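Trainee: First, the structure itself, so that you have it in front of you.
The values are calculated or read from the model by the stated rules, or taken from the named source; none is laboratory data. These numbers were taken from a predicted model, which means no experiment stands behind them. Here the Cβ is made from the backbone with ideal geometry for all residues, glycine too, and neighbour counts use every protein chain on show. Note: accessible area is taken over every heavy atom of the protein model, side chains too, but ligands, DNA and RNA are not part of it. Shrake-Rupley method; radii C 1.70, N 1.55, O 1.52, S 1.80 Å.
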Amino acid sequence: MLSNKRSRGKMSRWIWSPLLPLLLLLLPSMSEVQAQVENRVIFLPGTFQNVSVSQNETVQAVVSRIAPEVAFVTLQFHTQHRNATLSYTKLPGLGLSLTAVDLGLLSALEPGQTSLSLFLSSPDDDTVAGTGVILSFSSTDPVPGACNTEFTLDIDPNVYIHYNLYETTIRFAPANLGYERGETPAVCDRSTGTNTRWRLQYDVYQYFLPENDLSERSLFGGIQAVADIQGMTENGKRVMTLSSSDMTMAVFNSIPGQGVIYSVIVRDPLLNTSASYVPVHTYACSFTSTLDGCQTLGKLSTKFFFTIAGLAGLFVCFFGHRFFKCELFCMGFSFAAFFFFVLIARTTELSYDICLTVSAVIGVVGGVILVMSWWRFGSVMACIVVVGLMLGFLIASTVLFTPIGDIDVFRRSDVVFWVTFCSIMIIVPLFFVRWPREGNITTCGVVGAYAVILAVNAYVYTSLSYITLNILKRFLNNNYSAVFTDVPFQTIDYVLITVWVVLGVCGIVLQLYRERSRPFFPPSPYLMWLQERERRTTNVLDPSHHFPSLPNRLLARARQLTKRMEPAGEHTPLLL
């Protein structure tokens with residue numbers, strides 16, 4: 001029995017002895033990877049940590065277990081829309097702290113340093129919740145924002161963002177070459193040789209969050225996907241590369257309600273190393289505004305306007321050529337409403353709703369004028385030119401909506417852009433001279449189906465609306481030419497592209513089949529009335545030839561009210 005106990009004791013020691021070193025290694029990690037406790041949270045390099053900062057509270061962010069080969073680290077912290085303050089000291093001070101939604105601080109390490117502390121606080125009277133991460137860099141990596149002369153921090157690795165209705169602008173401070181712990185950094189602007197920071201290059205990246213998703217979970221998932229260099233290069237899209245001689249800024253198209261993350265990666269082409277700035281995000285709208293906020297982007301006036309336009313577009317798509325007057329009214333309405341919306345917005349200070357209402361009223365007048373011009377003069381080709389310009393406008397907008405529109409020659413020269421746009425727009429109606437009916441039916445299908453897409457966009461965001469919205473913004477904003485007009489293409493966009501194609505093709509095929517045996521275009525009602533009147537006055541065999549004129553008929557009707565008139569006989573032509 002004693003031998004059994006001894007054998008069990010030896011077996012237990014044989015089992016536990018290899019596990020003891022592993023447990024000793026895991027215990028420090030288990031003690032450090034933990035939730036926030038008592039105003040103190042521990043960060044491990046490369047590991048995201050959720051942090052909540054209460055009102056009038058300062059949370060100490062402790063970075064531990066820093067490897068000896070690390071020369072500097074950045075602590076970045078992100079919230080959705082509430083400001084947070086990150087500081088080198090417990091009491092925030094000028095030049096030692098930063099308050100923003102996306103913020104970070106860079107700390108250069110001293111020889112032998114393995115840990116450091118930074119401080120998080122809430123600048124407003126509310127609790128701030130966000131996610132943070134520590135990124136470490138070696139001495140050969142560039143130092144983001146180390147040559148800062150514009151912003152408050154001495155070394156500023158942040159990207160600063162500003163947006164309006166038309167454009168979103170990002171700015172950042174230039175970087176410097178890396179250096180070992182304890183060494184003096186290189187002078188920023190002493191010379192422009194290849195051994196200075198002027199050899200550095202800056203890649204600007206863009207990452208779109210899921211459409212129609214304003215949740216905090218979606219944002220934090222996107223931040224975690226692109227916070228470091230590898231994540232951004234794999235998941236984001238590089239939109240431009242700046243040299244050290246370029247201005248450290250970039251301008252993009254504003255997409256209200258669409259979450260976008262921007263980041264800058266600075267590269268040292270000589271050493272083949274790189275470092276990332278702190279990513280910054282925007283929805284191009286406000287979460288706190290009670291009017292035109294991110295949650296209330298869909299204006300009632302916009303929904304009403306485009307719902308009516310979508311129903312009219314659906315009718316034109318399938319029945320436009322048959323009901324030619326209705327088609328002309330819709331085309332004239334669209335042409336006049338767009339033109340005068342641009343004119344009113346550029347020359348007046350009226351609000352959006354008033355501009356939209358006035359443009360709609362003028363659009364009705366434009367539609368009536370186009371219909372009446374065809375009714376009175378009967379010139380089909382003159383009306384078809386307007387219809388062709390509508391299709392040309394949509395085709396030109398679609399061509400410049402593709403990556404072709406972001407080519408430097410189009411972005412930097414308004415003359416080249418508008419000449420190209422107008423050339424495409426004018427070429428399309430030329431085909432209508434040879435095939436007027438087919439061109440008119442094609443316009444009905446393509447433009448009518450796109451009106452349906454715009455109606456859907458009033459309720460569910462889709463990037464397809466920016467096909468024409470980018471052109472409208474460029475009309476309204478003088479400085480819009482330098483803007484990158486990239487928009488996300490996600491599942492809803494591919495679904496709506498399919499809907500657009502299916503509606504357009506079905507509408508074109510149906511109208512071509514139905515109108516194959518009919519006249520190319522219906523005759524002018526006014527010319528028909530003139531011909532009918534001439535026929536009645538010259539054809540004695542026509543029963544209407546023997547009808548009295550309208551004044552005589554009215555006079556006879558008035559006489560019937562006072563005296564009964566005897567029948568005058570048959571109103572039939574004489575039989576020979």
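Trainee: Heavy atoms only, 1.4 Å probe, whole protein assembly: order THR347, THR47, THR131, THR420 by accessible area, highest first.
Mentor: The residues order as THR347, THR47, THR420, THR131, largest area first.
Trainee: Principal axis extents for the stretch 300-515, Cα atoms only, whole Å, descending order, please.
Mentor: Largest to smallest, the principal-axis extents are 45, 37, 35 Å.
Trainee: In nm, to one decimal, how far is the modelled label at LYS237 from the one at PHE431, with both set 7 Å along Cα→Cβ?
Mentor: 2.7
Trainee: Based on the Cβ-Cβ distance from TYR459 to PHE489, what FRET efficiency comes out when R0 is 25 Å, to the nearest 0.05?
Mentor: Values: r = 19 Å, r/R0 = 0.77.
With a Förster radius of 25 Å, E is 0.85.
Trainee: Which aspartates and glutamates have a Cα less than 16 Å from the Cα of LYS303, not counting those fewer than 8 places away in the same chain?
Mentor: Filter leaves ASP292, ASP353.
Trainee: Can you tell me the order of 388-394, 399-405, 465-471, 189-195 when each peptide is scored by its average per-residue count of other Cβ atoms within 10 angstrom, highest first?
Mentor: 388-394, 465-471, 399-405, 189-195
Trainee: For the stretch 27-182, which semi-axes, largest first and in whole Å, follow from the square roots of 5 times the eigenvalues of its Cα gyration tensor? Working shown, then result.
Mentor: Working: eigenvalues 111, 102, 34 Å².
Working from the Cα gyration tensor, I get semi-axes of 24, 23, 13 Å.
Trainee: Leaving ligands, DNA and RNA out of it, work out the accessible area of SER122 with a 1.4 Å probe and give it in Å² to the nearest 10.
Mentor: We get 20 Å² for SER122.
Trainee: Multiply the residue gap between SER517 and PHE324 by 0.36 nm, knock off their C-alpha separation, and tell me the result in nm, one decimal place.
Mentor: Working: separation 193, 0.36 × 193 = 69.48 nm, distance 1.63 nm.
Full-extension gain reported as 67.9 nm.
Trainee: In the stretch 246-281, whose amide N lies under 18 Å from the spot 7 Å out along Cα-to-Cβ of ALA67? List them in ranges.
Mentor: Within reach of a label on ALA67: 272-276.
Trainee: Would you mind calculating the gained length between ARG40 and ARG171 on full extension (0.36 nm times residue separation, minus the Cα-Cα distance), in nm to one decimal?
Mentor: In short, 43.9 nm is gained.
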